[in-house]
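All remarks here apply to the structure that follows.
The values are calculated or read from the model by the stated rules, or taken from the named source; none is laboratory data. These numbers were taken from a predicted model, which means no experiment stands behind them. Using ideal geometry, Cβ is built from the backbone for each residue, glycine included, and neighbour counts are taken over all protein chains shown. Quick note on the areas: whole protein, heavy atoms, side chains included, nothing else; ligands and nucleic acids left out. Shrake-Rupley method; radii C 1.70, N 1.55, O 1.52, S 1.80 Å.
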Amino acid sequence: DAKTTQPPSMDCAEGRAANLPCNHSTISGNEYVYWYRQIHSQGPQYIIHGLKNNETNEMASLIITEDRKSSTLILPHATLRDTAVYYCIVRATYNQGGKLIFGQGTELSVKP
Amino acid sequence: GAGVSQSPSNKVTEKGKDVELRCDPISGHTALYWYRQSLGQGLEFLIYFQGNSAPDKSGLPSDRFSAERTGGSVSTLTIQRTQQEDSAVYLCASSLGRLRGGGNEQFFGPGTRLTVL
C-alpha cells in the first residue's frame, strides 16, 4: 500500500472550514484513499473514502486531485468536538485482508 | 445499534502473567482485526480474521501473542508471559469483510488499556 504524508499538526478556528492535506504521490490506480480520525482515548472512526471522484457525506468532503497524488479532507464547519488525530490511509482494492496501515496522522486542534 | 465492544476496558497485570482480551464485533461482520497503540505511538496492525480463519497474522510481535475467533463472532487475544513493553491500548475492529473494492470501512471498539507492571 502507498505511503502517505501529512502535516503533524494544524489549528482551526471553531466554525471555520478545516482543510487537511495528504500527499500520496506513489498511489496506484487501484488504491483507494481512506480517512479515519481518533478522538482522544477513543478508537478510530471512519470518515470517508474515495478512488477518483470527489466525495461528500454527512461528516466531510474528500477532494482528490486529478493525478490522484494528493487529497484534502474538508470539515466544512469545524467544532470543538472535531479536535482529533486525522489519518489518511491508502489501501489497494486487492488487499483482501483490508488491514489499515496507520501513519502518524495530523493532530487537528479546533480552537474557540 | 450495538457497536464493537471490548472487555475489560482496563487491565493491570504483573510481568510474567497471562492475559486475555475479548472483542465482540458488530453482528454480521465477517472480518475482525486487532491493532495496538502504545503510548505516543501510532496504531499497529496485529492480526486479521475472516470468519474463524486468520489469513494474516503478520503483525503479531512474538509467539507470546495469539488470537482465536469462534463461531465467526467473538475473538480473544491472548498474551502469555506479559512484558512491560506489552503495555498499550489494544483495539479491535470489525467490518463486513467485502474482499474487493472500497467501502470496507472498519468500526473500532473502545479498546482495552493494558498495563504491565
(request) Please tell me if residue A:86 is at pLDDT below 95, in contact with a Gly (Cβ under 7 Å, 6 or more places away or on another chain) and of a type in the set (Phe, Trp, Tyr). (result) no
(message) Filter the range B:22-56 down to the residues that are open to solvent by less than 40 Å² (accessible area, probe 1.4 Å) and basic (Lys, Arg) and list them by number.
(response) B:36
(request) Keeping to the range A:97-112, report how many residues are over 8 Å from residue A:85 (Cα atoms) and away from every other protein chain (no Cβ under 12 Å). (result) 4
(request) Go through the range A:32-66 and count every residue that is open to solvent by 20 Å² or more (accessible area, probe 1.4 Å) and either on the phi > 0 side of the Ramachandran plot or of a type in the set (Gly, Ala, Ser) (or both). (result) 2
(request) Report whether or not residue B:19 is surrounded by 18 or more Cβ atoms within 10 Å (Cβ to Cβ), in contact with a strand residue (DSSP E or B) (Cβ under 8 Å, 6 or more places away or on another chain) and away from every other protein chain (no Cβ under 14 Å). (result) yes
(request) May I ask you to say which residue of A:9, A:71 is of a type in the set (Ser, Thr, Tyr), buried (at least 17 other Cβ atoms within 10 Å of the Cβ) and at pLDDT 95 or above? (result) A:71
(request) Could you pull out the residue among A:109, A:28 that is in contact with an Asp or Glu (Cβ under 8 Å, 6 or more places away or on another chain) and either of a type in the set (Ser, Thr, Tyr) or assigned to a loop (DSSP other than H, G, I, E, B) (or both)? (result) A:109
(request) Working only within the range A:11-36, note down all residues that are more than 11 Å from chain B (Cβ to nearest Cβ), under 22 Å from residue A:77 (Cα atoms) and in contact with a strand residue (DSSP E or B) (Cβ under 8 Å, 6 or more places away or on another chain). (result) A:11, A:12, A:13, A:14, A:17, A:18, A:19, A:20, A:21, A:22
